[in-house]
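Comments concern the structure below.
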Amino acid sequence: MRREVPLVIVFICGAFMALQYFVPHNISAVIYQNALNWTIIIGIFTLAVGIGSLVNLHYDKISRRKEKWPYSLVTIGALVFMTVLGLSSPEAVQDPRGLFMKMYFYVLSPVQATMFSLLAFFIASAAYRAFRAKTVLATLLLASAVIVMLGRIPVGDALTAWMPEGTRISDLARYILDYPNTAAKRAIYIGVGLGVAATSLKIILGVERTWLGGGK
Amino acid sequence: MIQPGKKIPMFAIVTLLSVLSAYIAQAQPPHSHMTFVDPDSVFVFKYSSLAPQPGPPENLAAADSPNDAGGAISISWSKAPGDNTIFNSVDGYLLYRSASLDDGFSFLTRLPAGSTGYSDSDPDLKNGENFYYQVAALYGRDTLYAETAGPAVPGAQLFHTKRILVLLFMALFSGTALYLINLAKRGGTLYVRPIPGIDAVDDAIGRATEMGRPILFVPGLGEASRVATIAAFTILARVAKKVAEYQTRIIVPNYDPVVMTICQEVVKEAYSSAGRPDDYDPKDVYFVTQDQFPYTASVNGTMLREKPATNFYMGMFYAESLVLAETGFVSGSVQIAGTDQLIQIPFFVAACDYTLMGEELYAASAYLSQEPQQLGTLKAQDWGKIMAITLMLIGSIVYLFDSGAGEALKNWVIGG
Amino acid sequence: MEQISLGTLIWMTVAAFLTLSIFSFLYRDNPFYRFAEHLIVGISAGYWIAILYHTSLTDLWIEPLVDSVSAFGAAGGSIPAKIGILLANLTPGVIGCLMFTRFFKSKAWISRWPIAYYLGISAGVALPLYIQSFVIRQVAANMFNPVIIYNTIVSDLSTLYYYGNSMMGIWTGIGDIIILLGCVCGLAYFYFSAEHTGVLGAAAKIGIWTLMIGFGATFGYTVMARISLLIGRFNFLIDWVSALGNYFNL
Amino acid sequence: MAAGFWNKMLNLDRRWVYLVIGAATFFPMLTVIRLPIKITPEVQSVYDRLESLPRGTIIMLPMEYSPDTMAELQPMAKAVLRHCFSRGIKVITTALQIQGVLLIEQDLRTVAAEFDKTYGEDYVFLGYKPYPDIVILNMGENFRKPFPKDYYNNNLDELPMMAGVNNYSNVDCIVNINATSGVDSWINNANGRYGAPLALGVTAVIATDYYAFLQSKQIFGLMGGLKGAAEYEKLIGRPKDIANRAMTSVSVAHIFIIIFIIIGNIAFFATRKRI
């Protein structure tokens, strides 16, 4: 029961969906459409469980007074506040003047956006302190990076204005993007495609079972 | 695999220089392209006596659309006289449909000049019923009707004929994969070439011992079930075993609690198998936090305090990759990275001594663990690559003999 | 700039404070940063719950379910058919609810059923589609017509000789060769069943060079991405300062 | 002496670098210098396709960005929307990334107001559903399957614009503005399985990955990051919009990062020889 049922479910769902791709008939299409919608509905509950685990984690920290537990209090408080706000009425999430929207645009947004913008500083610092042309390959990589960087900004062409039109840095950058870059990414994508196909196959046939986790 | 300290080979410089000089050699600006059709002359042609006599479109045909669930009919015709860029004398086409030839046709849609077909998927089209079509060409105020076509009967198909190559490829690839995994399970030998990075691992641990400094192993930010994280466990097992043998120290800061539990098991096991179970210190494999940047800050702090001789970054990495690699570089550690996150690979290559890129990480893991499932999958993917390359070359060779056949083959491969 | 209300100004100030709290991490990890970070984990989880409920759970599950229950009160239609529809609408939610067994250790294994359903469907749709779009169509794009490549190069070379014409055709032709060769060699680099010696070794070497140029391009482009994000934040701070200035007529 | 200097430079506290790059990005924002933007063919082809459509044609413009990538993709999304609305092209939008739903709804509402467009007749916002790859597949069958109702709780059949519009075969093309690897799902599922013509507007981080799909004609256009947005703004005749204004800062910051790489490498090699 504990291992067999999930393996049977995975096999039936997976094999049907993989073969359905080759069968355009309307009966297969109807099953396919409903199976997809079921996936979304089940998925909603999976996401809810993820949020449940988050609450668990922080509740545990607070109740055991683990290191820096007051921060967990902030998290739980914010979660409860936002949930109550959002579920209070169907219009809560749609009203541009509502508190839910304000929290989104003036609290959630700036923090998320700023977190990511820190990367601008990090990349600059790494460029200065760590990106070295130590080997042939690293040299090639950095050269291609610098050309693309210059080629994507208007200043790049101004710097190479002495070159005839059609051979300036932006054209070189385009050439790199269009040809060697395409070749490299194609080789990688063919590998990725085969990798995903192999993993999917192993999951459907029950060869790959790590998702079942340990236990009986 | 990136190897340090290698001199740039002469031929690389020569190639680079010649490509560069050839590039600069095209010193002339591109000439403006010759235009064969002057837009003004088109206007003249339209009313010239050279224009062919107006006539209805010919060869009207209607048939069930292939490869669908039914409810659609494809209609095609050949262009009416004068419908081309030179004379431009047709203004458009009108399409009509009827359920029977006696009832008279009702208007369906108007299509622009140059059209030669239409796919009708109106909800009225019931599978198994008859439908007739008529098309007319518009010449200014004149409408010239073609002969009617039909009956066409919409219906559903059981097999999508344009996807046959996908099915073939899928079957062949799946068969190969299953065969190889089973072969490996039964103890058959599957050769995987040694991955150069593995030797580097041993060297790096020797170096740490000489310097009397610890080794830092960062298992990434992925969950325990990700392929890259699983590969990281295999590599950690190898590293920890060597560490135990050399009697140095290994530090493993974790982002994910589940990953931490497994890492503790792996390191403990490695110490036991090296015959030094007592040297294992569980406090060195610890959980930090599940917040990306604070985790990074904490690992950075560890690097600066402990000054590890070697840093390993194995598994899933996101934006923190370059921050970690930078700190490690500045504190003078040898750095070995491995990830399947394509976006992060460039940063690791630029700041680390060795980088296992994408599939190389899986290969290293398969090579070290000799686990049948990993080996079989890796080999099957190798066969998949051979199949892909063969298909590419066949395509180009067919072109050499007959470009029409080449084009047809290519379209068949693209499918639908 | 238009005059903004005091309310908006206060909200903007909150946002600016949080922005600066995050930036303070650049100096060092500190309580302001930690506060903002933990706050956002909670806010964002609450936001998820509300959005998931209002946009997805209601119209995909709850409403059809309520409709199929109330259908029993309506006239017409056979009872077995109504029961069938009710079951079809009820089942996915019930399977989904099994996920919650995760929180009870002894029953946690039941949560594998919904996971199995989700994994099976995703793996099933992915298998043929990845082969089609990532393998076969990419391979098809690598089927170049060697005759055309040869002709463009030769014809451009001859016009170059006679008229000093541009070399666009030559470069396109060479580019196509780079794509085909680079891709084959890149695949050779990721071929693990034989040692990289001889022809395979040479191919693998060209392959890794091509890969490095490709990674370099990603690197170069990424710089722009990160800088753009910073510009976005600076834009906001500038707006905030000028809003403050406008409001207090500074 | 020199080695001592370079050594010092190498071990410079990273906060100094932060300061320099912050300043290099910030100060150009206060200037009014406008740099010429060169249009690349991959952006031009998106513009050309939309430009060639007759009024009233429906296209799909799914947007998947959130506050963290807003700075890159919002200008692009707005530019494409403005192009559509100014030419009378009707738009169906989804937001399949949860963090961005409200943001995208606001952007859509603001741009529609600029052009006096009516909801339900000129544009439709389907909103959010989880698991983009599954949703994209089921939209290929029928929009009404994953989206029985739109974001504002209207039945899709009540919206005049959606009459007879069932799936991708009823829209001219899909222009996906996306900050996530969900782009792959659009290529695989919408283009691969349902044959919908597809163009991408992505962050500069992942833009280079999709040139392989551009060359294979699986996508007909590609806009990368702020530069792509700046080009599009220029194409629709709005060269004073936000992405164009940002290009000066982008340029200066790029130059500084290149200088950093060069100085860093000189210092590295200058000090290494002496060891």
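The values are calculated or read from the model by the stated rules, or taken from the named source; none is laboratory data. None of these values were measured; they are calculated from a predicted model. All Cβ positions, glycine included, derive from the backbone under ideal geometry; neighbour counts span all protein chains shown.
Here is a yes/no grid of residues against (1) under 24 Å from the mean Cα position of the chain (by Cα); (2) more than 7 Å from every other protein chain (Cβ to nearest Cβ):
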residue	(1), (2)
A:Arg2	no, no
A:Pro6	no, no
A:His25	no, no
A:Val30	no, yes
A:Leu36	yes, no
A:Thr39	yes, no
A:Gly43	yes, no
A:Gly50	yes, yes
Practice item. Looking for whichever is modelled with pLDDT of 95 or more and closer than 30 Å to D:Val250 by Cβ here; the options are C:Ile213, C:Ile206. Which one fits? Key: C:Ile213
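With respect to C:Phe35, determine if the residue is at the interface with chain A (Cβ under 7 Å from one of its Cβ atoms), without any contact (Cβ under 8 Å) to a residue 40 or more places away in the chain, closer than 30 Å to C:Phe248 by Cβ and surrounded by 14 or more Cβ atoms within 10 Å (Cβ to Cβ).
So C:Phe35 passes the test.
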**Study point:** Condition broken by D:Gly164, with the remaining ones in (1) more than 7 Å from every other protein chain (Cβ to nearest Cβ); (2) touching a residue at least 24 places away in the same chain (Cβ under 8 Å); (3) more than 26 Å from D:Pro67 (Cα to Cα) satisfied
**Key:** (2)
Study note, to complete from the structure: Over the stretch D:222-256, the set of residues among the aromatic types (Phe, Trp, Tyr) and over 16 Å from D:Leu50 (Cα atoms) is D:Phe256
Check your understanding: Out of all the residues in the stretch D:130-139, is one or more farther than 30 Å from C:Val125 by Cα and either within 14 Å of chain C (Cβ to nearest Cβ) or assigned to a helix (DSSP H, G or I) (or both)?
Key -> no
**Study point:** Hits in the stretch A:173-183 (condition: in a helix (DSSP H, G or I) and touching a helix residue (DSSP H, G or I) at 6+ places or on another chain (Cβ under 6 Å))
**Key:** A:Ala173, A:Ile176, A:Leu177, A:Pro180, A:Asn181, A:Thr182, A:Ala183
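The rows are residues; the columns are (1) crowded, with 19+ Cβ neighbours inside 10 Å; (2) over 22 Å from A:Ile169 (Cβ atoms); (3) under 17 Å from the mean Cα position of the chain (by Cα).
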site	(1), (2), (3)
D:Ala207	yes, no, yes
D:Tyr211	yes, no, yes
D:Lys217	no, yes, no
D:Gly225	yes, no, yes
D:Ile242	yes, yes, yes
D:Val250	yes, no, yes
D:Phe256	yes, no, no
Point to revise | Exclusive hit being crowded, with 20+ Cβ neighbours inside 10 Å and touching a His at 6+ places or on another chain (Cβ under 8 Å), set A:Ile153, A:Ile169 | key: A:Ile153
Practice item. Could you look through the stretch D:72-94, keep only residues that are assigned to a helix (DSSP H, G or I) and of a type outside the set (A, V, I, L, M, F, W, C), and pick out the one that is surrounded by the fewest Cβ atoms within 10 Å (Cβ to Cβ)? Key: D:Ser86
Practice item. From A:Val10, A:Val30, A:Val49, A:Val23, grab the single residue that is in contact with a Phe, Trp or Tyr (Cβ under 7 Å, 6 or more places away or on another chain) and within 24 Å of D:Asn188 (Cα to Cα). Key: A:Val23
Study note, to complete from the structure: All conditions in (1) hydrophobic (A, V, I, L, M, F, W, C); (2) under 30 Å from C:Arg34 (Cβ atoms); (3) in contact with a helix residue (DSSP H, G or I) (Cβ under 6 Å, 6 or more places away or on another chain) are true of A:Leu57 except (3)
**Study point:** Neighbours by Cβ (under 7 Å, 6+ apart or cross-chain): first from the stretch A:154-175, hydrophobic (A, V, I, L, M, F, W, C); second assigned to a loop (DSSP other than H, G, I, E, B)
**Key:** A:Val155/D:Leu35; A:Ile169/A:Thr160; A:Ala173/A:Arg152
Point to revise | Residue within the stretch A:157-172 that is within 24 Å of the chain's Cα centre (by Cα), on the phi < 0 side of the Ramachandran plot and either more than 7 Å from chain C (Cβ to nearest Cβ) or not acidic (Asp, Glu) (or both) present | key: no
Review point. Any idea how many residues of the stretch B:216-241 are within 14 Å of chain A (Cβ to nearest Cβ), assigned to a loop (DSSP other than H, G, I, E, B) and not hydroxyl-bearing (Ser, Thr, Tyr)?
Key: 4
Exercise for review: Tell me which of these A:Arg2 doesn't satisfy, since it passes every other one: (1) surrounded by 18 or more Cβ atoms within 10 Å (Cβ to Cβ); (2) not in a helix (DSSP H, G or I).
Suggested key: (1)
Check your understanding: Among the numbered criteria (1) among the polar types (S, T, N, Q); (2) more than 8 Å from chain A (Cβ to nearest Cβ); (3) more than 29 Å from A:Arg209 (Cβ to Cβ), which single criterion is violated by C:Asn142?
Key -> (2)
Exercise for review: Take the residues in the stretch D:214-227 that are in a helix (DSSP H, G or I) and touching a strand residue (DSSP E or B) at 6+ places or on another chain (Cβ under 8 Å), then tell me which one is farthest from C:Cys183 (Cα to Cα).
Suggested key: D:Gly225
Study note, to complete from the structure: Checked pairs for the stretch C:115-138, first closer than 21 Å to A:Arg209 by Cα, second surrounded by fewer than 24 Cβ atoms within 10 Å (Cβ to Cβ) and polar (S, T, N, Q), C-beta under 7 Å and 6 or more apart or across chains, list as C:Tyr118/A:Thr46
Check your understanding: Just a yes or no: is a residue in the stretch A:201-216 over 28 Å from B:Ala171 (Cα atoms), charged (D, E, K, R) and touching a residue at least 40 places away in the same chain (Cβ under 8 Å)?
Key -> yes
Practice item. Report yes if some residue within the stretch B:374-397 is more than 9 Å from every other protein chain (Cβ to nearest Cβ), over 20 Å from the mean Cα position of the chain (by Cα) and under 28 Å from B:Lys242 (Cβ atoms); otherwise report no. Key: yes
Revision key, fill the gap. Exactly one of D:Pro75, D:Pro130, D:Pro67, D:Pro62 is under 30 Å from A:Tyr21 (Cα atoms), under 17 Å from the mean Cα position of the chain (by Cα) and touching a residue at least 24 places away in the same chain (Cβ under 8 Å), and that one is D:Pro62
Point to revise | All positions within the stretch D:48-57 that are surrounded by fewer than 21 Cβ atoms within 10 Å (Cβ to Cβ) and touching a residue at least 60 places away in the same chain (Cβ under 8 Å) | key: D:Arg49, D:Leu53, D:Thr57
Check your understanding: If you check B:Ser100, B:Ser106, B:Ser121, which single one turns out to be over 19 Å from B:Glu147 (Cα atoms) and of a type in the set (S, T, N, Q)?
Key -> B:Ser121
Point to revise | Which listed residue is buried (at least 20 other Cβ atoms within 10 Å of the Cβ) and assigned to a loop (DSSP other than H, G, I, E, B), from B:Ser89, B:Ser100 | key: B:Ser89
Study note, to complete from the structure: From the option list B:Pro308, B:Pro294, B:Pro346, single residue qualifying as facing chain C (nearest Cβ under 8 Å) and either at pLDDT 90 or above or crowded, with 22+ Cβ neighbours inside 10 Å (or both) is B:Pro346
Exercise for review: State whether the residues of the stretch C:147-166 include one that is under 27 Å from D:Ser216 (Cβ atoms) and at the interface with another protein chain (Cβ under 7 Å from one of its Cβ atoms).
Suggested key: yes
Review point. Given the structure, is D:Tyr152 surrounded by fewer than 24 Cβ atoms within 10 Å (Cβ to Cβ) and free of Cβ contacts under 8 Å to residues at least 40 places away in the same chain?
Key: yes
